[in-house]
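This report concerns only the one structure given below.
The values are calculated or read from the model by the stated rules, or taken from the named source; none is laboratory data. Note that this is a predicted model, so its numbers are computed, not measured. With ideal geometry, Cβ positions are generated from the backbone for all residues, glycine too; neighbour counts draw on all protein chains shown.
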Amino acid sequence: MTRTLIDRLDYVLTVNDGDTVLSDASIVIADGRIEAIGPATDIAGRYDKSAFDTVLSGRGRLAMPGFVDAHVHLSEQLSRSLFPDCMNTRAWVFNWGKPYYAAVDEDDEYLSALVAGIEMIRNGTTCFLDMGAQNDPARVVEAIDEIGIRGITGRHAADRRPDVIPDGWTAEMVDHHFFPSADAALTALRDCVEALNNSAGGRARCWVNIEGKEPCSPELHAGARSLAEELGVGTTYHNASSIEEARVSEKNYGVWPITHLAEIGALGPNLVIAHAVALQEQEVALLADSGTKVAFCPGTSLKVAKGATKIGRYPEMLAAGVTVALGCDGTSAAGSLNLMRQMYLAAGLFKDARLDPTLVPAEQAIRMATIDGARALLWDDEIGSLEAGKRADLILFDLTDVEWVPCHDPVQAVVYSATPRSLRTVMVDGKVLFDDNKIATIDEAALLKEAAVRAKAIVARSGLVRGKTPVTTTLYD
Ligand SMILES: [Zn+2]
């Protein structure tokens with residue numbers, strides 16, 4: 001057994017059930033798990049210093065659980081700032097997203113996952129839910145293994161081709177994106193879960209992930225959830241992601257998207273719905289009663305004009321007991337994999353929009369970014385809070401950085417004042433992945449150099465051109 005002591009931390013945000021904040025506290029890590037956590041004097045009384053292989057000073061540091069990103073697209077990582085910021089969700093997905101994803105091969109996806117992993121670690125994110133690979137999710141697992149982060153991936157799947165193939169799409173691309181039937185998609189997804197779930201030393205999990213919305217049939221939506229249940233994993237997809245989608249749903253099914261999911265038996269506690277912005281009042285109860293989780297992506301809402309504050313019902317979901325986690329979405333959708341930015345937005349957007357400063361207090365924003373993310377990912381028995389018995393996935397901030405001085409209240413400071421700039425150390429399973437501005441597991445400079453070259457090649461293959469590729473669509477309308 002190897003045992004590490006993080007000694008005399010100024011503060012620990014445990015994010016346990018009581019949101020306990022410890023001061024002058026120590027954490028003992030044994031074989032990747034938190035063995036003990038508590039006041040420094042108690043820990044010093046329980047352990048002899050010789051019991052530790054490594055002792056890290058916690059002076060001038062705050063420890064908290066690593067952030068959990070409940071909605072990310074690793075495949076999109078090398079598209080940063082490629083798509084224009086004048087499109088709504090549907091044009092974004094159908095005109096730009098689809099051709100980009102079709103141009104990404106499995107080596108690109110491996111490299112994208114490594115680069116995304118680095119960006120997440122540098123932003124304090126230690127676990128993520130990826131929408132899934134366009135090619136082989138085994139390559140994503142390979143990247144998870146190599147970089148040391150924790151995450152869930154899958155095979156991105158859809159089964160409903162549009163009636164008319166739009167300009168910019170090729171027949172090859174359509175075959176690549178769409179399985180011939182819901183059954184064929186579910187068979188492929190089952191194979192992925194059986195091959196890849198619980199790999200990379202338990203840090204990688206594989207779910208039954210589908211794209212969601214119009215490109216997926218009702219059979220695939222409902223089938224994904226029941227297959228996930230049978231396999232003991234989760235499923236995630238986009239739904240109720242824009243008002244335009246809600247209108248199309250009303251036209252096709254006579255009801256809005258969440259009600260439609262309820263009607264076809266697709267809601268349940270093993271489903272994470274990304275966005276869930278276009279909701280009618282009574283649909284909040286459908287999510288709460290079924291235990292369905294939501295990944296709120298405020299950064300995407302701001303860039304793609306989803307209307308989180310105009311039509312979103314996130315405060316109502318929180319009040320109704322729905323688990324609302326936070327997601328960064330892809331780098332073209334929202335711009336970064338900085339979950340601290342989403343936490344800040346989640347805390348502030350509704351206070352402002354509704355003239356109500358009591359909405360989403362700092363404690364709640366922290367929970368959304370940590371334990372509620374873990375709950376959405378069905379992983380809260382192991383991560384999401386700092387408690388004895390849980391995995392040692394934690395991050396340390398430098399309280400001597402100017403953005404923490406002075407620190408009268410660490411809870412408010414982490415939400416409203418701190419940025420990843422003052423992040424000093426990131427651990428997963430007790431292993432240091434980032435320390436003193438250096439990624440420990442990989443040659444970051446060489447990787448980013450290769451990424452820049454590869455990114456240009458993907459754009460050339462995708463055929464996407466600003467000024468030429470359309471920024472509006474009526475596809476699936
Ligand atoms: Zn997404």
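Would you confirm, using the coordinates I've provided, whether T441 is touching an Asp or Glu at 6+ places or on another chain (Cβ under 7 Å) and at negative phi? In short, yes.
If you take the residues in the stretch 255-285 that are in a helix (DSSP H, G or I) and either within 16 Å of the ligand (Cβ to nearest atom) or of a type outside the set (A, V, I, L, M) (or both), which one is surrounded by the most Cβ atoms within 10 Å (Cβ to Cβ)? Only one residue fits best here, namely P257. Among residues that are at pLDDT 95 or above, not in a helix (DSSP H, G or I) and not acidic (D, E), M87 is not included.
Can you find even one residue in the stretch 310-322 that is among the aromatic types (F, W, Y), touching a strand residue (DSSP E or B) at 6+ places or on another chain (Cβ under 9 Å), more than 16 Å from the ligand (Cβ to nearest atom) and not in a loop (DSSP other than H, G, I, E, B)? For the stretch 310-322, residues among the aromatic types (F, W, Y), touching a strand residue (DSSP E or B) at 6+ places or on another chain (Cβ under 9 Å), more than 16 Å from the ligand (Cβ to nearest atom) and not in a loop (DSSP other than H, G, I, E, B): present. All conditions but one from (1) within 16 Å of the ligand (Cβ to nearest atom); (2) assigned to a strand (DSSP E or B) apply to G38; the one that does not is (1). Please enumerate the residues belonging to the stretch 20-62 that are surrounded by fewer than 16 Cβ atoms within 10 Å (Cβ to Cβ) and among the acidic types (D, E). Answer for the stretch 20-62, where residues must be surrounded by fewer than 16 Cβ atoms within 10 Å (Cβ to Cβ) and among the acidic types (D, E): D24, D31, D42, D48, D53. Can you pull out the residues in the stretch 118-162 that are within 29 Å of L475 (Cβ to Cβ), surrounded by fewer than 24 Cβ atoms within 10 Å (Cβ to Cβ) and away from the ligand (no atom under 15 Å from the Cβ)? Residues satisfying the conditions are N135, D136, D159, R160, R161, P162. Looking at the stretch 195-249 only, could you name the residues that are more than 16 Å from the ligand (Cβ to nearest atom), within 17 Å of T89 (Cα to Cα) and touching a residue at least 60 places away in the same chain (Cβ under 8 Å)? I243, V248, listed by residue number.
Working carefully through the options G254, G234, G223, find the one that is within 27 Å of D163 (Cα to Cα) and touching a Leu at 6+ places or on another chain (Cβ under 8 Å). Only one candidate qualifies: G223.
Contact map, the stretch 312-339: residues that are modelled with pLDDT under 95 paired with residues that are polar (S, T, N, Q) and within 16 Å of the ligand (Cβ to nearest atom), Cβ distance under 7 Å, separation 6+ or inter-chain. Pairs shown: T331/Q77; T331/S79; S332/S79; A333/T300; A334/T300.
Quick grid of which residues meet (1) touching a residue at least 60 places away in the same chain (Cβ under 8 Å); (2) among the aromatic types (F, W, Y); (3) in a loop (DSSP other than H, G, I, E, B):
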{"position": "G97", "(1), (2), (3)": "yes, no, no"}
{"position": "Y100", "(1), (2), (3)": "yes, yes, no"}
{"position": "V104", "(1), (2), (3)": "yes, no, yes"}
{"position": "R139", "(1), (2), (3)": "no, no, no"}
{"position": "E146", "(1), (2), (3)": "yes, no, no"}
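Taken over the stretch 167-185, the residue count meeting the criterion of being surrounded by 15 or more Cβ atoms within 10 Å (Cβ to Cβ), in a loop (DSSP other than H, G, I, E, B) and in contact (Cβ under 8 Å) with a residue 60 or more places away in the chain is 2. Screening N252 with (1) surrounded by fewer than 22 Cβ atoms within 10 Å (Cβ to Cβ); (2) within 16 Å of the ligand (Cβ to nearest atom) gives one miss only, at (2). The lone criterion from (1) on the phi > 0 side of the Ramachandran plot; (2) in contact (Cβ under 8 Å) with a residue 24 or more places away in the chain left unmet by C297 is number (1). Among the residues of the stretch 296-309, those identified as among the hydroxyl-bearing types (S, T, Y) and within 16 Å of the ligand (Cβ to nearest atom) are T300, S301.
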